[in-house]
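**Student:** Once you've had a glance at the structure underneath, I'll fire off some questions.
The values are calculated or read from the model by the stated rules, or taken from the named source; none is laboratory data. For clarity, every value in this text was computed on a predicted model and none was experimentally measured. A quick note on method: Cβ atoms are made from the backbone with ideal geometry, for glycine too, and the neighbour counts reach across all protein chains shown. Accessible surface is based on the protein model in full, side chains and every heavy atom, while ligands, DNA and RNA are left aside. Shrake-Rupley method; radii C 1.70, N 1.55, O 1.52, S 1.80 Å.
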Amino acid sequence: MKRPGRASASSSSPAKDGRLLSSRRLPSLGGLAAFEAAARLGGLGQAANELSVTTSAISHQVRALEVQLGMPLFDRSTRPLALTSTGRMLLPALRGAFDAIADRLVSLGAGPMRGELRVNCSPLLLAKRVLPLLSEFLDANRELNLSISTQSPPPEGCDLIISFGEVDAPGERKALLTGTPLPFFAVCSPRLLNRSPGIRTPNDILRHPLIHYDDGADWRRLIATCGLESEVPPTRLTVPHPLMAFDLAALGAGFAIADAMTAAEELASGRLVRIADTEMDAPEQYLMILPTEEPKRRRVRALEHFLLERLNADPGVE
């Protein structure tokens, strides 16, 4: 009688297959965390401070991880330490994994928000309104790292973009201001407004220098929209940035074009005054763009909601 044959070496039971498919061959999680912190923060000491251990402990954990992997992660011949090609490949995966864990724990109410936020913002809006709000947001979320840029077009990898008009970046778009769009209008210093001869009609502003921060398109539009006329072409002052236009106008050098949100501080303090009957629709509106295609991380949504709430609660001076 033939005995039942023994299973061949190539066959496996379903249970064993299940164990093989579910197994994860990971090195020490402590070593991975130590390496990720050291690589992200740029040094063993900084990682030790973040993880509340000694620098020696971080060094030992990273070396043990390198032994487990069988390859170096840091080039120790340089100062400061530089990542090897292996380290550069491993870091993004670890950063994403630890950020995802931290975000999920926060969503469960298990701790503060951690990780990095990369924000790109229109320079004028950043300087006048957004920067103080970012400082306030960070003060309430002290374990977040923030990177700010003003490049146009925005660099790749941004988590949140605030632009004046459209920019070449993918992602979900929404208006920064949910109420009535802010118009553009002419402003000047009170001293210039009351200088003899005074400004009695909008046409009178054309007797003074007009401060430009572009190719003159905004002033041409404002003059056409308001029907302003002058026998003599107005003097032109050109500056590289709207902030300088505001400063020159506040010094009495001429008239600038502003909106109530970015010039809110100057209008509220009286450094600039708004000229009646010189209003036009802004050529663009402020947009908030979330470029990431993955499910929105909690910290990105938190910043988005914070900025929308604060800026819409106080969009500027009427």
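**Student:** Accessible area per residue for region 177-289 in Å², computed with a 1.4 Å probe and the full protein assembly in place, what is it?
**Tutor:** Dividing the accessible area of region 177-289 by its residue count gives 49 Å².
**Student:** Further question on the same structure: Explain nothing, just compute: Karplus ³J(HN,Hα) = 6.51 cos²θ - 1.76 cosθ + 1.60, θ = phi - 60°, for every residue of region 27-32 in order, whole Hz, x for Gly and Pro.
**Tutor:** x, 4, 5, x, x, 4
**Student:** D281 versus R310, label points 7 Å from Cα toward the beta carbon: distance in nm?
**Tutor:** It works out to 3.1 nm between the two label points.
**Student:** At R0 = 30 Å, how high is the FRET efficiency between T178 and S152 if r is their beta carbon distance? Nearest 0.05 is fine.
**Tutor:** Calculated transfer efficiency: 0.80.
**Student:** I need the calculated FRET efficiency for the pair A268 and A93, taking r as the beta carbon distance and R₀ as 41 Å, to the nearest 0.05.
**Tutor:** Once rounded, the FRET efficiency stands at 0.25.
**Student:** Leaving out ligands, DNA and RNA, and with a 1.4 Å probe, what % of the accessible surface on region 211-318 is carbon or sulfur?
**Tutor:** 51 percent
**Student:** Right, another one. For region 138-154, just list the computed ³J(HN,Hα) in residue order, Karplus coefficients 6.51, -1.76 and 1.60, θ = phi - 60°, integers in Hz, with x standing in for Gly and Pro.
**Tutor:** For region 138-154, the Karplus-derived couplings read 5, 4, 8, 9, 5, 9, 8, 9, 10, 10, 10, 9, 10, 5, 9, x, x Hz, x marking Gly and Pro.
**Student:** Separate question: If I model a spin label as a point 7 Å beyond the Cα along the Cα-Cβ vector, how far apart are those points for R236 and R221 in nm?
**Tutor:** For the pair R236/R221, the computed spacing is 1.7 nm.
**Student:** Using the Karplus equation 6.51 cos²θ - 1.76 cosθ + 1.60 (θ = phi - 60°), what ³J(HN,Hα) coupling, rounded to whole Hz, does each residue of region 85-99 give in order, writing x for Gly and Pro?
**Tutor:** These are the phi-based 3J(HN,Hα) values: 4, 5, x, 5, 6, 6, 4, x, 5, 5, 4, x, 5, 5, 4 Hz.
**Student:** Can you give the FRET efficiency for N49 and T84, using 1/(1 + (r/R0)^6), R0 = 30 Å, r = Cβ-Cβ distance, to the nearest 0.05?
**Tutor:** Efficiency at R0 = 30 Å is approximately 0.80.
**Student:** Show the residues, 5+ positions off or on another chain, whose built amide H is closer than 5 Å to the amide H of A82.
**Tutor:** D75
**Student:** Around S149, which amide H atoms from residues at least 5 apart in sequence, or from another chain, sit under 5 Å from its own amide H, with H modelled in the peptide plane?
**Tutor:** V119, N120, C121
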